Structures are given as structure tokens and as C-alpha cells.
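Colleague: Starting off with a structure, shown below.
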Amino acid sequence: MDAIRMVGIVKCFGPVRANDGIDFTVRRQEIHCLLGENGTGKSTLMNILFGLYHPDAGEIYINEEKAAIANPNDAYLLGIGMVHQHFMLVNQLTVLENIILGKESGGLLLNRRESRRKVEELSQRFGFKIDLDEKVANLSVGMKQRVEILKTVQGSGHHHSGRTHCGSDPAGGGGAV
Ligand SMILES: Nc1ncnc2c1ncn2[C@@H]1O[C@H](COP(=O)(O)OP(=O)(O)OP(=O)(O)O)[C@@H](O)[C@H]1O
Ligand SMILES: [Mg+2]
């Protein structure tokens, strides 16, 4: 079963052809690494998958059904999460607050205890040693990436068995996605 199939993806920025007919398939449970020099279009392809960019041509199939991914919300609903190359964290908030930010139902009355339990469980499952009460401003780059990963994994695709996560290298230099 193909979790993701991107076919003939083309994306141009003015004269720059960032993606030129890319075919990319990920089967369930597979882990892929896109390698390439800076500016070869890796982030562009992932941004298309996450609905941040719209391709000029090409098609995307998720779990073998054609998908129209207009925005990141559509991607989330299809079970696709993104760990961004440039962190999207609020420095003034704690690790836990960042992870649950925007994810809780029930308006202003956040159920902290329940959220903490869920995040602790997830963190343990990944073998992350991370202090949920530390302010994000005080974390190293590696730790911030773990927070991004926890945020993504706990946020995406609650109602789907097939979940896909994509990410970029945090330094923005190495080029792995
Ligand atoms: N929003 C944009 N506007 C204009 N040009 C863009 C935009 N996004 C990407 N590009 C251009 O598209 C090309 C591919 O960029 P992209 O960021 O996808 O590469 P990358 O493989 O992720 O590089 P890196 O290894 O540096 O992360 C580059 O020439 C880049 O300058
Ligand atoms: Mg990139």
C-alpha cells in the first residue's frame, strides 16, 4: 500500500524550476531521506505535500486516493505532519505549552493534567529525555527539534491509521528532509 505517491510534480518560482517532474512514492511504514545539495528542491517538494505550496503540475495520492491538498489543514486531516526546517515554536512558552498549543478542544480551559500525561507517554515512546516545564528559549537546537517532532506527532491525523511525517534538517544547511 502506498502511503504517499507524488507524480510528475512541477513547481516554478519565476525562472527557477525548483521541482521538475518529480515522482516520489512512500509505502506504509517506510522511512525516506531526500538528499541533495542546497537549493535542489527538497523543501519545495515537502511544502507541496504539506499544502504550503501548490504545484504547477502533477498529482498527489494519499493511501492510493487522489488528494487535493490546498493548505496545511487539509494535510493534517490526511494524516500528514511537518517538522519545519525553521522552528515554529514560541520561545516564551514551556515545552508542554508549545506542544499543546492550538491542539486542545475545550477553549480556554485546557486540561493540563491529561495533556501532560499524553505528552509524557509519547515522549517516553520516542525515548526523548525532555523537561516539559523548561522554557523553549532555553533549549538547544536538538531539543527544539524534539519538541517540533512531539508537536507534529501528537497533532496530526488523530482519526487515521496511516500517518506520515515529513521534516527538514534544523540547521538548514545539510539538506536532508
Ligand atoms: N518561496 C520561494 N520563492 C522563490 N524561490 C524559492 C522559494 N522557495 C524555494 N525557492 C527556490 O527554489 C529552489 C529550491 O529550493 P528548496 O528550498 O526547495 O531547496 P532545498 O533542497 O530544500 O535546499 P536546502 O538544502 O538549502 O534546504 C531554490 O533555488 C530556491 O531559491
Ligand atoms: Mg530545504
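Colleague: About the Cα centre of region 87-155, how large is the charge dipole given +1 on each Lys and Arg Cβ and -1 on each Asp and Glu Cβ? Please answer in debye to the nearest 20.
Modeller: With only Lys, Arg, Asp and Glu charged at Cβ, the dipole is about 120 debye.
Colleague: Going by C-beta contacts inside 10 Å, put THR25, THR44, THR94 in order with the fewest on the left.
Modeller: THR25, THR94, THR44
Colleague: Counting only other residues whose beta carbon sits under 12 Å from that of PHE24, what net charge do I get with K and R as +1, D and E as -1?
Modeller: Values: positive: ARG5, ARG27, LYS42; negative: ASP2, ASP23, GLU30, GLU59.
Taking every other residue near PHE24 into account, the sum is -1.
Colleague: Please rank HIS86, HIS165, fewest neighbouring Cβ atoms within 10 Å first, as an exposure proxy.
Modeller: HIS86, HIS165
Colleague: Find, to one decimal place in angstroms, the Kirkwood hydrodynamic radius of region 59-148, where the mean of 1/r is taken over every pair of different Cα atoms and then inverted. Write down the numbers at each step before the final one.
Modeller: Working: mean 1/r = 0.0671 Å⁻¹.
Kirkwood hydrodynamic radius for region 59-148: 14.9 Å.
Colleague: Which length gain, in nm to one decimal place, applies between ASP23 and GLU121 when the Cα-Cα distance is subtracted from 0.36 nm times their residue separation? Don't skip to the end; give the middle numbers.
Modeller: Details: separation 98, 0.36 × 98 = 35.28 nm, distance 3.64 nm.
Stretched out fully, the ASP23 to GLU121 stretch lengthens by 31.6 nm.
Colleague: Only four residue types carry charge here, +1 at the Cβ of Lys and Arg and -1 at the Cβ of Asp and Glu. Report the dipole size of region 32-88 about the Cα centre in Debye, rounded to the nearest 20.
Modeller: Roughly 160 debye for region 32-88.
Colleague: Using packing as a proxy for protection, rank 113-126, 56-69, 138-151 so that the peptide with the highest average count of other Cβ atoms within 10 Å comes first.
Modeller: Order by mean packing, descending: 138-151, 56-69, 113-126.
Colleague: Report the label-to-label distance for MET88 and ASP56 in nanometres (one decimal), using points 7 Å from each Cα along the Cα→Cβ vector.
Modeller: The two pseudo-label positions are separated by 2.6 nm.
All of the numbers you see were taken from the coordinates with simple rules; none came from a lab. Worth saying up front: this structure is predicted, and the values here are computed from it rather than measured. Neighbour counts are summed over all protein chains in view; Cβ atoms, including those assigned to glycine, are modelled from backbone coordinates with ideal geometry.
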